[in-house]
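Rule-based calculations on the coordinates, nothing more; no lab input. None of the values given here were measured: they were computed from a predicted structure. All Cβ positions, even for glycine, are placed from backbone atoms using ideal geometry, and neighbour counts span all protein chains on display.
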Amino acid sequence: MNSLDKYLLRQCVTPLTMILLVTTAIVWMTQSLQRIDIIVEYGQGLWTFLYLSLLIIPSLLAIIIPFALFGTIIYALHRLHSDSEIAVMFAAGVSRWRLSVPLLLVTLITAAATFYVNVDLMPRCYRILKQNVAEIRADLANSLIREGEFVNVSDGLTIYVDQTRSEGRFVGLLINDYRNHDGRQLYMAQYARLQDSDTGPVLQLRNGSIQREENYSGKIDIIRFENWSVDLSAFSDGPGELVLELTERYVGELLRPDLSHPYDRANAGKLIAEGHSRLASPLYAFAYALIGIYALIGGAYTRRGYFLRIAAAGALVFGLRLAGFFAQGAAEGTGAVWLLYAPSLAAIAAFAFLLYAPSRVAALAPKGAA
């Protein structure tokens, strides 16, 4: 790697890093709001919310990285054009291919990163996210019992506690149970503890009383106790068996659905298409890179600016990605998975030919700059 390669690499590394950080942060902030219910409904802390929100970043990177690469190449080459450095390079005999090599090296690295995110990091993080969310929603101490709040567990059952302590312990508890048509029951206890049993979660009450009203007649019977158990198993869904969705599966699981499971049988085409889509996704990095390179150094040299070329390249990049989404939809219904590779490979072949075919190089040599 000579000094020219190192110089061009430096022109790409900083803007690529900044674009990735800024774009990911903006998109992450909008997507993380979908997890705000973890705090509002289940009483989790800010750190739990941030941890779960960070687990969605890999899925964002899988889409953002190729677009960030395109923006980086446009920015770097336009800056070199503005400083007339590209004109000097062409005048010194530097070919389009030689100028593109460092940019394609960065493209190879970003494509490899996209591939890793798609095949391993994204499904791994989404599995952790799903398991954590399921455990939080199944945690009765957080979902049913909250300090200083009257929580309507279900129609006819309200729970209130004065203080919550560690290990499922509570101080000052009240349960208003009016689910039974035969009468209302009001439990009051000085202390309580939530414990697991073979049949499900049980609330152990200490030092309290039960007020029972028969047939809502107004007649109250009071029972005092030192220890009493209230079965809460009916309100615990438990984490259960989690059905893995598209984003939570590794590529091998997508390409080979388990047809013994109802979900896989019903969505076999969608699963296989998603698997091939992940394998095809890194190809878009090369397609976007070649489109960006061609927009800035593929045509004749001009001093009037490159705004129209950049705008056309940007529109082509977005159009190409839309074509990929449409191809995935078509592949789901028809099984023609080759459609998922066609848009990116066609773009790579077309723009590689326009940039580097010997006859094209001779015909499109920058006038006055070579």
Can you tell me the length gained on complete extension of the stretch residue 213 to residue 108, counting 0.36 nm per residue apart and subtracting the Cα distance?
30.4 nm
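Go through 109-117, 69-77 and give me the packing order, highest mean Cβ count within 10 Å leading.
The peptides rank, most packed first, as 69-77, 109-117.
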What is the extension gain from residue 266 to residue 36, computed as 0.36 nm multiplied by their sequence separation minus the C-alpha to C-alpha distance, in nm to one decimal?
79.7 nm
Assertion target for 338, 28, ordered by fewest C-beta neighbours within 10 angstrom first, is 338, 28
Given all pairs of distinct Cα atoms, region 58-130 yields a Kirkwood Rh in Å of 14.2 Å
